[in-house]
Amino acid sequence: MKGLLIKDLRIASQQKVLLLLMAGCGIICLFTMKDTAFIIGYATLLCGMLGTTTCAYDDLNHGMSFLLTLPYSRKAYVLEKYLFSIAAGIAGWSISTVIAAISQIVFLKKPIGAEFLNGALTFIIPLFLIPTVMIPILLKFGQARSRIVMFTIMGIVFAIGGVLALAPSFGVAVYDENLTVEVVTFGIRNTLSYGLIIAGGIAASFVLFITSFLISLAVIQRKEY
Amino acid sequence: MIRIDGLKKNYKDFNLDVSLDLKPGTINGLVGTNGAGKSTTFKAILGLISYKEGEIFINDKNIKDFKYEDKERIGCVMTDSFFSESFKIKDVAKILKATYKSFDEAAFYKKCEQYKLPTDKMIKEFSNGMKAKLKVLTALSHDTDVLILDEPTVGLDVVARDDILGEIRDYMEKDENRTVLISSHISSDIEKLCDTTYMIHDGKIVFNDDTDKLLSEYAALKVDEETFATMDKSHVKAYRKEKYGIECLTDARDFYIENYPSMVVEKMSVDEMMMILIKGEKL
Amino acid sequence: MRKIFKKCIDKCYTLLYSVYCYKVFIAQYNSWKVTWLVKGLGDYRMKIIVNNSSMIPIYSQIIQQIKAQIADGTLKENDALPSVRALSKDLNISALTVKKAYDELEANGFVITVHGKGTYVNGNNSEYIRESRLKEIEDDLRKAVEIANMYGITREELFEMFDMLTEE
């Protein structure tokens, strides 16, 4: 897999615009915003996307055909993508967390407590979820069509959400109105510590991550290039 | 060696039904019109597409059982697919080095220098000729038993073509048991380089013989309608109606030279044979 | 004392240096010798010209030209023919064509292929050379007979001449 990693690192290093954006944003956030958690989220998101970006690049100009003539098995290809996604995401997350911590101590003069850690750890969930969703879609539909697929999915999600939100005004009882989101989360918060919730969330997203890997394996084994 | 036994694949508007037997130590040409099934055959050999019927063997091993070490022994050039165009030669070299145990880095760079490939430009800034040469050099950069080249000389001028064909000859000289399968639209490439010629049309192999037999034992007979009606057609494989009369494809050139001394008998070429087989009728 | 010691050291150095130079020189000379020898041996003295537009099959043309070169002595016994691959590269033809030519030459006794080493001119094709020489002599004799007939020189006179010549 070494060759594939080198290839993806090269692609990642070519995302200069991305890196500049991150650096610039990071610096601005450090000095202007009080909410240091923003930089962690931003960096994690951008780095988490690196894995999927390499998938898109591979698919450009029918590149996948040639890549699969290299001695790497299709399984090795998929495995490398997921490992790369985690590695890139964790790298981005760690660096930004350290920077955020330093900024919090130095500029806001607030000590780092459990709250900070909890906030930082929350972002590990999207770190797993982004590749979980994007990589199988990119593999199955290719770079061009997956954009359409993503928009369609988001559209459907919003549509359902919209319908659920608007339904009561039409007199349809979809759920017990008293059971608002705040009530639910308040209830969970009271019964479990925040830390446990985060841990649960990370575990759950990791499980989904592994499931996504298996789905991607199945997709790539069947696909013709 | 490369052997395809009864490969069958069905598409919407096209069915592939191909068998090939390429002996070690030979350069084999595959010719055919666009859409005849050349690239599909290549993709099947390279494991890029699935097939319900048929088996493909490289070096006596079924490609379905191929491991990493087996795939390392295959080099290929594809028409429309290569590394990302935003890479430079040194990126390609790094990836190849990490992928193939037998990658010879010094030799690769030396060849790139010999062919004046720019080391500091991205592949997307290369000319067509440079891209083609880089693809071929990549395929030749590691030790292989088999080369699968899909139109490696397409769009190249005669000098560049000669360079690339020379590289293939050098490749064969270094190891007697290597096998090359090359496809080309350029008749002279096949006639000068290939030991055997396969012709594919509509997904089927319509001709398969030694190239030098094609050039010496086959011939084109140009006759008028009356002669065609009365002549001995036992050695005529196919014919095509032309404005002046009828052009026949025969595999027994000497027979017609001896028995019909006034008949126009022309040397056969790959292009000419394709035209008769594709546009003409079989006998 | 020191001076003598220094002189000794200098002499040693000079001696060592001259031994080194000598060895380098010998090595160079040997490698030159080998290159020269190899060049001489492997010198491609075969000039084969192929006519792509001819109706004569290319492998036939190769066979004809090699036979001719053996007959007129350009190719001598035990000379190495170029390898199949090398010749196919130089003539821009398929290796199979060259192999067919070499195979037929071997079948007719003109060359011998040693597996792993190459193809060499067979010493035992004197039959063919002999026949070529005989044909040459026959042509010349026929010319002589024609001239004799033209000037009315009799058969007996010709035989006398022949006896005289063969006695020499």
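The values are calculated or read from the model by the stated rules, or taken from the named source; none is laboratory data. Predicted model, so just to flag it, every value in this text is computed and none were measured. Heads up, the Cβs are rebuilt from the backbone with ideal geometry, glycines too, and the neighbour counts pull from every protein chain shown.
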**OP:** Starting from the stretch B:86-102, take each residue that is facing another protein chain (nearest Cβ under 8 Å) and in a helix (DSSP H, G or I) and list its partners that are of a type in the set (Val, Ile, Thr) and surrounded by 20 or more Cβ atoms within 10 Å (Cβ to Cβ), counting only C-beta distances under 8 angstrom and pairs at least six apart or across chains.
**Re:** B:LEU96/B:THR138
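Filter the stretch C:90-112 for residues that are within 14 Å of another protein chain (Cβ to nearest Cβ) and either touching a Phe, Trp or Tyr at 6+ places or on another chain (Cβ under 7 Å) or in contact (Cβ under 8 Å) with a residue 60 or more places away in the chain (or both) and give the result.
From the stretch C:90-112, those within 14 Å of another protein chain (Cβ to nearest Cβ) are C:90-104; that's our starting set.
C:THR97, C:LYS100, C:ALA101 - these are the residues of the stretch C:90-112 that are within 14 Å of another protein chain (Cβ to nearest Cβ) and either touching a Phe, Trp or Tyr at 6+ places or on another chain (Cβ under 7 Å) or in contact (Cβ under 8 Å) with a residue 60 or more places away in the chain (or both).
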**OP:** For residues that are aromatic (Phe, Trp, Tyr) and outside any loop (DSSP other than H, G, I, E, B), tally how many sit in the stretch C:80-116.
**Re:** 1
Subject >> Pairs where the first residue, in the stretch B:162-189, is in a loop (DSSP other than H, G, I, E, B) and the second is surrounded by fewer than 18 Cβ atoms within 10 Å (Cβ to Cβ), C-beta under 8 Å, 6+ apart >> reply: B:GLU176/B:PRO24; B:ASN177/B:PRO24; B:ARG178/B:PRO24; B:SER184/B:VAL154; B:HIS185/B:VAL154
**OP:** Please state which one of A:SER65, A:SER73, A:SER103 is over 30 Å from B:LYS43 (Cβ atoms) and either in contact with a strand residue (DSSP E or B) (Cβ under 7 Å, 6 or more places away or on another chain) or not aromatic (Phe, Trp, Tyr) (or both).
**Re:** A:SER103
Original post:
Taking the stated definitions as given, is C:ILE56 facing chain B (nearest Cβ under 9 Å) and not in a helix (DSSP H, G or I)?
Top reply: yes
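A quick yes/no check of all residues on (1) closer than 18 Å to A:GLU80 by Cα; (2) at pLDDT 60 or above:
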position: A:VAL174; (1), (2): no, no
position: A:LEU179; (1), (2): no, no
position: A:ARG189; (1), (2): no, yes
position: A:LEU192; (1), (2): no, yes
position: A:GLY200; (1), (2): no, yes
position: A:ILE210; (1), (2): yes, yes
position: A:LEU217; (1), (2): yes, yes
position: A:GLN221; (1), (2): yes, yes
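Matching residues to (1) surrounded by fewer than 20 Cβ atoms within 10 Å (Cβ to Cβ); (2) of a type in the set (Lys, Arg); (3) within 20 Å of B:ASP189 (Cα to Cα); (4) within 14 Å of chain A (Cβ to nearest Cβ):
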site: B:ILE2; (1), (2), (3), (4): no, no, no, no
site: B:TYR11; (1), (2), (3), (4): yes, no, no, yes
site: B:ASN28; (1), (2), (3), (4): no, no, yes, no
site: B:GLY32; (1), (2), (3), (4): no, no, yes, no
site: B:THR40; (1), (2), (3), (4): no, no, no, yes
site: B:LYS43; (1), (2), (3), (4): no, yes, no, yes
site: B:GLU53; (1), (2), (3), (4): yes, no, no, no
Subject >> Looking only at the stretch B:13-26, and only at residues there that are in a strand (DSSP E or B) and not charged (D, E, K, R), the one that is surrounded by the most Cβ atoms within 10 Å (Cβ to Cβ) >> reply: B:VAL18
**OP:** Kindly provide the set of residues from the stretch B:112-144 that are under 25 Å from B:GLY32 (Cβ atoms) and not in a helix (DSSP H, G or I), ordered by number.
**Re:** B:THR144
Original post:
Is there a residue being of a type in the set (Ser, Thr, Tyr), more than 24 Å from C:ILE56 (Cα to Cα) and out of contact with any Gly (no Cβ under 6 Å at 6 or more places or on another chain) anywhere in the stretch B:198-221?
Top reply: no
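Quick one: which of B:LEU117, B:LEU48, B:LEU137 is more than 10 Å from every other protein chain (Cβ to nearest Cβ), over 16 Å from B:ARG3 (Cα atoms) and touching a Phe, Trp or Tyr at 6+ places or on another chain (Cβ under 7 Å)?
Numbers: B:LEU117 fails: touching a Phe, Trp or Tyr at 6+ places or on another chain (Cβ under 7 Å); B:LEU48 fails: more than 10 Å from every other protein chain (Cβ to nearest Cβ).
The unique qualifying residue is B:LEU137.
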**OP:** Just name the residue that is farthest from B:LEU149 (Cα to Cα) out of those in the stretch B:55-77 that are within 12 Å of chain A (Cβ to nearest Cβ) and touching a Leu at 6+ places or on another chain (Cβ under 8 Å).
**Re:** B:LYS71
Subject >> Residue pairs meeting the criteria (Cβ under 7 Å; at least 6 apart or on separate chains; first closer than 23 Å to A:LEU127 by Cα and away from every other protein chain (no Cβ under 14 Å), in the stretch A:209-225; second of a type in the set (Ser, Thr, Tyr) and surrounded by 12 or more Cβ atoms within 10 Å (Cβ to Cβ)) >> reply: A:PHE209/A:THR132; A:SER212/A:THR132; A:PHE213/A:TYR82
Subject >> Residues (within 14 Å of chain C (Cβ to nearest Cβ), in contact with a helix residue (DSSP H, G or I) (Cβ under 8 Å, 6 or more places away or on another chain) and of a type in the set (A, V, I, L, M)) located in the stretch B:155-171 >> reply: B:ILE164, B:LEU165, B:ILE168
**OP:** Return yes or no: is C:GLY123 within 14 Å of chain B (Cβ to nearest Cβ), exposed (fewer than 11 other Cβ atoms within 10 Å of the Cβ) and in a loop (DSSP other than H, G, I, E, B)?
**Re:** no
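B:TYR239 - would you say it is surrounded by fewer than 16 Cβ atoms within 10 Å (Cβ to Cβ) and outside any helix (DSSP H, G or I)? Spell out how you get there, then give the answer.
Details: surrounded by fewer than 16 Cβ atoms within 10 Å (Cβ to Cβ): no; outside any helix (DSSP H, G or I): yes.
Considered against the rule, which asks whether it is surrounded by fewer than 16 Cβ atoms within 10 Å (Cβ to Cβ) and outside any helix (DSSP H, G or I), B:TYR239 comes out as no.
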**OP:** Could you run through the stretch A:1-32 and say how many residues are surrounded by 15 or more Cβ atoms within 10 Å (Cβ to Cβ) and modelled with pLDDT under 80?
**Re:** 6
Original post:
Has the stretch B:219-226 got at least one residue that is surrounded by 15 or more Cβ atoms within 10 Å (Cβ to Cβ), assigned to a strand (DSSP E or B) and not hydrophobic (A, V, I, L, M, F, W, C)?
Top reply: yes
**OP:** Would you be able to say whether some residue in the stretch B:152-160 is crowded, with 23+ Cβ neighbours inside 10 Å, at negative phi and of a type in the set (Val, Ile, Thr)?
**Re:** yes
